1. With respect to Asp91, determine if the residue is in contact with a Pro (Cβ under 8 Å, 6 or more places away or on another chain), modelled with pLDDT of 95 or more and surrounded by 15 or more Cβ atoms within 10 Å (Cβ to Cβ).
2. Which residue, of Lys223, Lys142, Lys164, is basic (Lys, Arg), in contact (Cβ under 8 Å) with a residue 40 or more places away in the chain and not in a strand (DSSP E or B)?
3. Quick one: in segment 1-14, which of the residues that are under 16 Å from the mean Cα position of the chain (by Cα) and more than 15 Å from Ile53 (Cα to Cα) is surrounded by the most Cβ atoms within 10 Å (Cβ to Cβ)?
4. Is it fair to say Gln145 is under 27 Å from Phe88 (Cβ atoms) and outside the structural domain of Pro101 (by TED's automatic domain parsing)?
5. Output the residue which, of all residues in segment 1-47 that are of a type in the set (D, E, K, R) and in a loop (DSSP other than H, G, I, E, B), is nearest to His95 (Cα to Cα).
Amino acid sequence: MISIIIPVVNEENHLKKLLPLLVNSEAKEVIVVDGGSTDNSKQIAEKLGAKVITSQKSRAKQMNAGAKAATEDILYFVHADSIPPSSFHEDIKTHQDKNIPFGCFRSLFNTKNRFLRINSYFSRYKGMMFRGGGQTLWITKKFFQELNGYDESLKLMEEYDFIKRASQKADYKVIQKDVLVSTRTYDENGNFKTQLIYGLIMFGFFRGIDQDKLIKFGKRWLK
């Protein structure tokens with residue numbers, strides 16, 4: 001019933017933790033879409049039982065490639081450094097049976113840091129400013145195709161754009177269970193600085209600022 005799609009580039013360490021949880025779940029297939037890894041991501045994914053396909057490096061293109069290869073009726077997009085709740089399969093099926101075409105989970109940063117815990121708290125609410133790819137996204141394949149998938153012209157913010165387009169056509173559900181999200185970018189750059197830069201990039205994106213300028217800005221300030 002559910003095809004899990006994981007876009008990766010050099011994520012061998014996270015795949016070692018994530019894939020055993022997903023491959024041994026009730027999901028019918030787990031698809032790892034490699035965008036040109038130079039580590040052992042592909043070999044580890046195959047060894048742990050995932051179906052591995054390759055794509056040009058681009059999160060939008062990788063996720064679209066995974067959706068095209070998927071054989072099940074529900075697509076579940078998961079970042080390699082996110083850990084879904086153990087009940088994700090039942091949770092998604094329950095809400096899809098209620099004719100809800102797409103949704104996500106709350107996020108919970110894998111830390112006791114108060115700032116990031118407060119940040120996570122707001123992911124329980126609807127609204128674009130509270131959305132993030134780390135929350136994982138599930139959607140019926142039919143609705144995904146109606147939306148023509150992710151916009152492959154986008155080099156960043158492709159998930160925000162997709163959720164925005166989807167929410168303009170249908171209501172969605174934030175399932176009130178937590179996806180455990182990595183803090184690696186915050187750890188490397190500092191919590192307040194990282195949140196500020198992310199916020200400025202999001203603001204710039206929705207104001208129509210050139211993508212390459214936003215990417216350059218992000219690389220300048222974040223490792």
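The values are calculated or read from the model by the stated rules, or taken from the named source; none is laboratory data. The shown structure was predicted, so the numbers you read here are calculated from the model rather than taken from an experiment. Counting neighbours? That spans all protein chains shown, and the Cβs are built from the backbone with ideal geometry, glycine included.
1. Judged against the criteria, Asp91 is a match.
2. It is Lys142.
3. Ile2
4. no
5. Glu26
Every residue, every condition in (1) touching a residue at least 40 places away in the same chain (Cβ under 8 Å); (2) closer than 16 Å to Phe109 by Cβ, yes or no:
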position	(1), (2)
Tyr186	yes, yes
Asn191	yes, yes
Thr194	no, yes
Leu200	no, no
Gln211	yes, no
Lys219	no, no
